[in-house]
Amino acid sequence: MSAAASRSATERRDELIGVYRTASSCTICRLSESRTKVVFGAGNADAELMFVGEAPGAQEDAQGLPFVGRAGQLLNQLLAEIELRRDDVFVANTLKCRPPGNRDPLPDEIESCTPYLHRQIELIEPKVVATLGNFATKLLTGSQTGITKVRGTPQIHTLGVRTVYVFPLLHPAAALRTRSLVDTLRDDFAKLPALIAGPPALRSQ
Ligand code: URA
């Protein structure tokens, strides 16, 4: 049993608040110069299901909260359809600060920020980490295979110290651009309750 697994939910939550405080004043990479607010992530600190998107956009940067724009509204709707609320899950991004103009994250920015994501996964202890879109999926699976090929099928990965199901999903923003993809995303969301209720992910490597 790992040190994290032996901690109570309250201890893990308190540690997560400590990580939040550290991230809130982070200046490791250049994004700290252009950000308005750090977007640490939000939701249930003991969630079985965690979502990971790419990086905050303009609205998230202004509010300091993840997925508050149109993509976030679609996320909320799809969650409601499987009888979950935002408070039941934890939503974060691979990067905690907005890249200027929503450009792609740079390698050193990813390297600086990944330890925050791994600590979040360690402390929240989700069973399932659903990656939203190509960027988060490629980063967390360590594979360059595109999202259209891998979406909707769980994989087992060790992220930091925790072995989880990584469940690749289309990015809600992509579904908003191509409305026919909303049904694809909905079909994949429908698989989540069984994955959450099933056995935990076991180390495959
Ligand atoms: N897109 C993302 O990937 N993350 C957000 O928080 C908002 C939009």
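Values for this structure:
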| read-out | value |
| --- | --- |
| Only one of Gln73, Gln144 that is within 16 Å of the ligand (Cβ to nearest atom) and without any contact (Cβ under 8 Å) to a residue 12 or more places away in the chain | Gln73 |
| Index of the failed condition, Thr137 passing every other in (1) surrounded by fewer than 22 Cβ atoms within 10 Å (Cβ to Cβ); (2) over 17 Å from Tyr20 (Cβ atoms); (3) within 16 Å of the chain's Cα centre (by Cα) | (1) |
| The range 85-105, residues that are more than 13 Å from the ligand (Cβ to nearest atom) and touching a residue at least 60 places away in the same chain (Cβ under 8 Å) | Pro100 |
| Count of the range 161-183 residues which are assigned to a strand (DSSP E or B) and either among the polar types (S, T, N, Q) or in contact with a His (Cβ under 9 Å, 6 or more places away or on another chain) (or both) | 5 |
| Qualifying residue in the range 164-180 (condition: surrounded by 19 or more Cβ atoms within 10 Å (Cβ to Cβ) and β-branched (Val, Ile, Thr)) | yes |
| Cross-chain or 6+ apart pairs with Cβ under 9 Å, the range 8-23 first and under 16 Å from Gly43 (Cα atoms), then exposed (fewer than 13 other Cβ atoms within 10 Å of the Cβ) and not charged (D, E, K, R) | none |
| Out of Asp104, Asp108, Asp88, sole residue that is in contact with a Gly (Cβ under 9 Å, 6 or more places away or on another chain), of a type in the set (Asp, Glu) and surrounded by fewer than 21 Cβ atoms within 10 Å (Cβ to Cβ) | Asp88 |
| Sole exception among (1) surrounded by fewer than 20 Cβ atoms within 10 Å (Cβ to Cβ); (2) touching a residue at least 60 places away in the same chain (Cβ under 8 Å); (3) of a type outside the set (Ser, Thr, Tyr) for Gly160, by number | (2) |
| Matching entry among Val52, Val68 (being within 10 Å of the ligand (Cβ to nearest atom), touching a Ser or Thr at 6+ places or on another chain (Cβ under 6 Å) and either in contact (Cβ under 8 Å) with a residue 40 or more places away in the chain or assigned to a loop (DSSP other than H, G, I, E, B) (or both)) | Val52 |
| Some residue of the range 108-115 being free of Cβ contacts under 8 Å to residues at least 60 places away in the same chain, out of contact with any Ser or Thr (no Cβ under 9 Å at 6 or more places or on another chain) and within 16 Å of the ligand (Cβ to nearest atom) | no |
| Tyr165 vs. criteria within 16 Å of the ligand (Cβ to nearest atom) and of a type in the set (Phe, Trp, Tyr) | no |
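Bear in mind that the values in this text are calculations on the coordinates, not laboratory data. What you see is a predicted model, and the numbers here were worked out from it, not measured in a lab. Cβ: placed from backbone, ideal geometry, glycine included. Neighbour counts: every protein chain shown.
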